[in-house]
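Notes follow once the structure below has been shown.
The values are calculated or read from the model by the stated rules, or taken from the named source; none is laboratory data. In this text, all values refer to a predicted model and were calculated from it rather than measured experimentally. Quick reminder, even Gly has a Cβ in these numbers, built from the backbone with ideal geometry, and neighbours come from all protein chains shown. These accessible areas exclude ligands, DNA and RNA; they are computed on the full protein's heavy atoms, side chains included. Shrake-Rupley method; radii C 1.70, N 1.55, O 1.52, S 1.80 Å.
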Amino acid sequence: MKTLRVGIDNYGLDPLQLSPLEVLEWARDSGAEGVQFSGLTPQQKERIDRSYLKELAQFASANNMYLEWGGGQNIPLDMETWKKKDILKINRAAAEEAAILGARVIRSCSGGLMRWDPESPSTDSLLKKTAKSLRSQRKMLKDHNVILAMETHFEFTTHELLRLFESCEAEPNDYLGICLDTMNLLTMMEDPVQAAERILPWVVSTHIKDGAILLTSEGFVTFPAEIGTGIIDIQKIVERLASLPQEINLSIEDHGGRFHLPIFKQEFLAKFPDLTVQEFSSLVNLSQHTEELFRTDRLDITDRKEWPQLCMARLQTDIQTLKQLVQSIHPIS
C-alpha cells in the first residue's frame, strides 16, 4: 500500500528565522516526515552551497524524511515592473541544488494577484510568455531529473494551467507538474475539491492547507485555518491524491492573513472567464458554512501579525491532525 507522508513547508516557520537544517530538526522533533523548502530568505540562500545541501540530504536520509526543493519561477517577467526576467537562470540554479539534494520536485511560483491590479498585463499574454519560456527549459529540467511544480497560487487558475501544459506539450510526470495548494484555490474562485480533481494527474507535490471563505458587502474574503477547522474537504482531496500512481508527500503550509476578492466589481469577475454558475454557487455554499462556523465561535481569522507567536503550536497540531486523517484513509494493518 502506498504511503502518504506528512510533512511541512518551511514557509510556516519563516517568522522564527531558522536555518534549513534547524527547520528539518524542528520538523523531525514535531513528528513531521519531511520538509518542502518552497523558498528561502536571502540570508538563508547565502549559506547554501554543495556542502550544506549534502548535509541536509544526509540528515533527511538518516531520519527517513523526504525533501522537496523550491525557488523556481514560472513567469519570465518581474512581477512589479513587468520587465523581462531571466527565469531560466533561476530555475537552473534550483534544479542543480535539487539534484544535489536528490529531490525530484521544485516548487515554482512567481507571485501573483495580477487580476487585482487593473494595470497588470492580461492573463492570456502572461500565459503565452510563460509557455514559451517553460518550453525552452524542458531539456534542462529533464537533464537534472526534476519536475518544476507550479503552485496553484494567485497567477493562474487550474483551467489556465491545463491550457498552459497543453501549450508546453507536456505530459504528467514529465518536466512540469503541480504543487497543489488546497486553500489558494478558494482565492482563485475555485471549489477546492473540483479544482483538485481537474488538475489531479499533474500533482507532484502539495501545500495542504485548510481555510474558509466569507461573503461580505465588499465581496469574498478567504483565509487559512488550522487543519480540520475550516471548510475545505481535506479528507476528500487526500483520498484523491492517494489514488495517484506516483507517491505524493503531504506538506502542510499554514500562515495568517486574509485575501479580499471584490466580486461585485464586474471588471474583476470578468478576469475569471472559466468560472461557471455551478462552481460560483459552490463557493457561496462554502461561505454559508463559514458563516455558521463564525456564529458558533468555531472559526476565526488569524492576523499575520499574530502568526509568529502561534506558528509552532499550530503547525504541530496540523501535523497530528493530518496524520490522523491519513491513518483513517490508510489504516495500519
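Surface composition of the chain: carbon plus sulfur atoms contribute 49% of the solvent-accessible area (1.4 Å probe, protein chains only, all chains present). Rounded, prolate or oblate: which one fits segment 195-333, using the alpha carbon gyration tensor with axes a ≥ b ≥ c (rounded when a/c is under 1.5, else prolate when a/b beats b/c, else oblate)? The shape class here is oblate. Scanning the chain for long hydrophobic helices, with DSSP H runs required to stretch 24 angstrom or more by C-alpha along their axis and to average at least -1.0 on the Kyte-Doolittle scale, returns 277-295, 307-329.
Take Cys109: with every protein chain present and a 1.4 Å probe, its accessible area is about 20 Å². When the chain is treated as a Gaussian network with alpha carbon springs shorter than 10 Å, the biggest mean-square fluctuation among Val221, Val35, Val203 belongs to Val221. In the chain, a dipole from Cβ-located charges (positive for Lys and Arg, negative for Asp and Glu) runs towards its positive end, and of Leu113, Asn145, Pro245 it is Asn145 whose Cα lies farthest in that direction. Going by accessible surface with a 1.4 Å probe and the largest first, Trp69, Trp26 read Trp26, Trp69.
Relative to the Cα centre, the charge distribution of segment 178-333, modelled as +1 at Lys and Arg Cβ and -1 at Asp and Glu Cβ, gives a dipole magnitude of about 120 debye. For segment 276-330, the solvent-accessible area with a 1.4 angstrom probe is 59 square angstrom per residue. Here the Debye sum runs over all C-alpha atoms of the chain as equal scatterers in vacuum, and log10 of I(q)/I(0) at q = 0.14 Å⁻¹ comes out as -1.17. With the gyration tensor restricted to C-alpha atoms of segment 7-162, the semi-axes of the equivalent ellipsoid amount to 29, 17, 14 Å, longest first. Taking other residues whose beta carbon is less than 12 angstrom from the beta carbon of His159, and scoring Lys, Arg as +1 and Asp, Glu as -1, yields -3.
When only Cα pairs below 8 angstrom with a gap of at least 6 residues are kept, the chain shows a relative contact order of 18 percent. Listed by chain and number, the aspartates and glutamates whose C-alpha is less than 20 Å from the C-alpha of Lys83, apart from same-chain residues fewer than 8 away, are Asp117, Glu119, Asp124, Glu155. Rounded to the nearest 10 square angstrom, Asp191 shows an accessible area of 20 square angstrom against a 1.4 Å probe. In terms of its C-alpha gyration tensor, segment 105-145 comes out oblate, because a/c is 1.5 or above while a/b does not outweigh b/c. DSSP beta bridges confined to segment 98-238 are antiparallel in about 35 percent of cases.
The charge dipole of segment 70-156, taken about its Cα centre with unit charges on the Cβ of Lys, Arg, Asp and Glu (plus for the first two, minus for the last two), comes to roughly 460 debye.
Restricting the calculation to alpha carbons of segment 62-110 gives Rg and Dmax of 13.0, 44 angstrom. DSSP assigns beta bridges within segment 192-312; of those with both partners inside it, close to 90 percent run antiparallel. The listed residues Ile329, Ile232 rank as Ile329, Ile232 when sorted by accessible area, largest first, using a 1.4 Å probe. Applying a DSSP loop filter and a limit of 16 other Cβ atoms within 10 Å to the chymotrypsin sites (Phe, Trp or Tyr not before Pro) in segment 229-290 leaves Phe264. When DSSP beta bridges are restricted to pairs lying wholly in the chain, around 30% turn out antiparallel.
In terms of its C-alpha gyration tensor, segment 23-114 comes out prolate, because a/c is 1.5 or above and the ratio a/b outweighs b/c.
Placing +1 on the Cβ of every Lys and Arg and -1 on the Cβ of every Asp and Glu, with nothing else charged, gives the chain a dipole about its Cα centre of roughly 920 debye.
Applying a DSSP loop filter and a limit of 13 other Cβ atoms within 10 Å to the GluC sites (Glu not before Pro) in segment 96-195 leaves Glu119, Glu169.
Residues Ser282, Ser136, Ser251 ordered from highest to lowest accessible area at a 1.4 Å probe: Ser136, Ser282, Ser251. Rolling a 1.4 angstrom probe over the protein heavy atoms, how many square angstrom per residue are accessible across segment 1-146? Result: 50 Å² per residue.
In the context of the full protein assembly, Val277 retains an accessible surface of approximately 120 Å², using a probe radius of 1.4 Å and ignoring ligands and nucleic acids.
Label reach from Gln278 (point 7 Å along Cα→C-beta): in segment 146-179, amide nitrogens under 16 Å belong to 159.
Rounded to 0.05, the FRET efficiency of the Ile301 and Lys265 pair, given R0 = 22 Å and the Cβ-Cβ distance, is 0.50. A simple spin-label model places the labels of Ser19 and Ser120 3.7 nm from each other, with each point 7 Å out along Cα-to-Cβ.
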